[in-house]
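Colleague: One structure, as structure tokens, below. Some questions next.
The values are calculated or read from the model by the stated rules, or taken from the named source; none is laboratory data. Bear in mind the structure is a predicted one, so any value in this text is a computation, not a measurement. Positions of Cβ are backbone-derived with ideal geometry, glycine not excepted, and every protein chain shown enters the neighbour counts.
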Amino acid sequence: MFETVSVLRTAIRAARNEGRSVGFVPTMGALHEGHLSLMRRARAECDFVVVSIFVNPTQFGPGEDFARYPRDLAKDSGLIQKLGVDAIFAPSTEVLYPAGSQTYVEVPEIAARLEGAFRPGHFRGVATVCAKLFQVVQPDRAYFGMKDLQQVRVVQRMVTDLLLPVTVVPCPTVRDVDGLALSSRNGYLGAPERAAATVLSRALRACEAAFAGGELSAHALEQVLAEELGREPLARVDYAVVVDASTLDPVERVCSPAAAVLAVHIGATRLIDNALLEADCTPDTGRHSRV
Ligand code: PAF
């Protein structure tokens, strides 16, 4: 376990000097199978794997769950070690945000919409901490779950804009058997809420089915989402929309890769999920010509 930048860097430099590639999985701990799948992928693709555990204060807004976010370093370390990860970086807040810190990374456009509209400042915190962690670890590849699609796009944009020499690797969302996307926040759900939370994946599956049946209108697909979500009394929707899968801009028709994206409160817990809608819109396909 590494807590300081200098000692971690010495270990990474030694690996680099042996010609080993470096993979990185940033986390906030409270690990679940989704995180572990990122670590397995990093382990399979890179020679030296670093996992960070840091509950980043700057990505939580006032009144959000920073104070009660689950923290169990001993349990997390045990899970990570079983996967043969080479280094765990668990810095204190003072290490990542030295006294007097005043430098932040902004990705203003992508960060402003969807999650950004409901959680102002969230992606500023995410981009800033990822920039710092990339600076410390200097990985060849960094692994992120697609459940947080907008986070992936913010980090990809930042990496491109700042010319950072790291490949962002988006990895599939891992789901429970009943479809609920794994999230550290699922632990907040009581039994009735846990059952109600499956409405997110049900809505996405209904939307995918409509899309597979030829529906390309974003408005119609959003109605499918709204109808399914409306059946669950415990659900309160922040947004349920169809957007461009790269820019997250609103779309009228699904005519390039799009995504159905959801943010829904189930009781006091706010959950997000998404499904990619991969369109084949070459002019000679029947789908393109549908109204
Ligand atoms: O997805 C997360 O767990 C966090 O947003 C991340 C990427 C570790 C940054 O704090």
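Colleague: I'd like to know if region 39-55 contains one or more residues that are modelled with pLDDT under 95, more than 13 Å from the ligand (Cβ to nearest atom) and assigned to a loop (DSSP other than H, G, I, E, B). Steps first, please.
Modeller: Step one: filter region 39-55 for residues modelled with pLDDT under 95, giving none.
Among the residues of region 39-55, not one is modelled with pLDDT under 95, more than 13 Å from the ligand (Cβ to nearest atom) and assigned to a loop (DSSP other than H, G, I, E, B), which makes the answer no.
Colleague: Separate question: From the set of residues in region 87-122 that are surrounded by fewer than 18 Cβ atoms within 10 Å (Cβ to Cβ) and aromatic (F, W, Y), which is farthest from V55 (Cα to Cα)?
Modeller: Among those residues, the one meeting the criterion is F118.
Colleague: Please list, ordered by first then second residue, the pairs with beta carbon atoms under 8 Å, 6 or more apart or interchain, first in region 133-155 and free of Cβ contacts under 8 Å to residues at least 24 places away in the same chain, second within 12 Å of the ligand (Cβ to nearest atom) and part of a helix (DSSP H, G or I).
Modeller: Taking only residues 6 or more apart or on different chains, the pairs are V152/M146.
Colleague: Now a separate question. Within region 70-89, can one find any residue that is more than 22 Å from the chain's Cα centre (by Cα), part of a loop (DSSP other than H, G, I, E, B) and of a type outside the set (F, W, Y)?
Modeller: Yes, the conditions are met somewhere in region 70-89.
Colleague: Show me the helices (runs of 4 or more DSSP H) entirely contained within region 179-267 in which 2 or more residues are more than 16 Å from the ligand (Cβ to nearest atom) and acidic (D, E). First the steps, then the outcome.
Modeller: Numbers: elements: 191-196, 198-212, 218-230.
So the answer is 218-230.
Colleague: Return yes when R20 is modelled with pLDDT of 95 or more, touching a strand residue (DSSP E or B) at 6+ places or on another chain (Cβ under 6 Å), away from the ligand (no atom under 16 Å from the Cβ) and not in a strand (DSSP E or B) and no when it is not. Spell out how you get there, then give the answer.
Modeller: Details: modelled with pLDDT of 95 or more: yes; touching a strand residue (DSSP E or B) at 6+ places or on another chain (Cβ under 6 Å): yes; away from the ligand (no atom under 16 Å from the Cβ): yes; not in a strand (DSSP E or B): yes.
For R20, the condition - modelled with pLDDT of 95 or more, touching a strand residue (DSSP E or B) at 6+ places or on another chain (Cβ under 6 Å), away from the ligand (no atom under 16 Å from the Cβ) and not in a strand (DSSP E or B) - is met.
Colleague: In addition: Pick out the one residue from T10, T58 that is part of a helix (DSSP H, G or I), within 12 Å of the ligand (Cβ to nearest atom) and on the phi < 0 side of the Ramachandran plot. Walk me through it before giving the result.
Modeller: Details: T10 fails: within 12 Å of the ligand (Cβ to nearest atom).
Residue meeting the stated conditions: T58.
Colleague: Inside region 98-130, can you point out the residues that are more than 14 Å from the ligand (Cβ to nearest atom), of a type in the set (S, T, Y) and within 18 Å of L163 (Cβ to Cβ)? Reasoning before the result, please.
Modeller: Here is the first cut: in region 98-130, the residues more than 14 Å from the ligand (Cβ to nearest atom) are 98-103, 106, 108-110, 112-114, 117-118, 120.
Those left that are additionally of a type in the set (S, T, Y): 101, 103.
Result: T103, single match.
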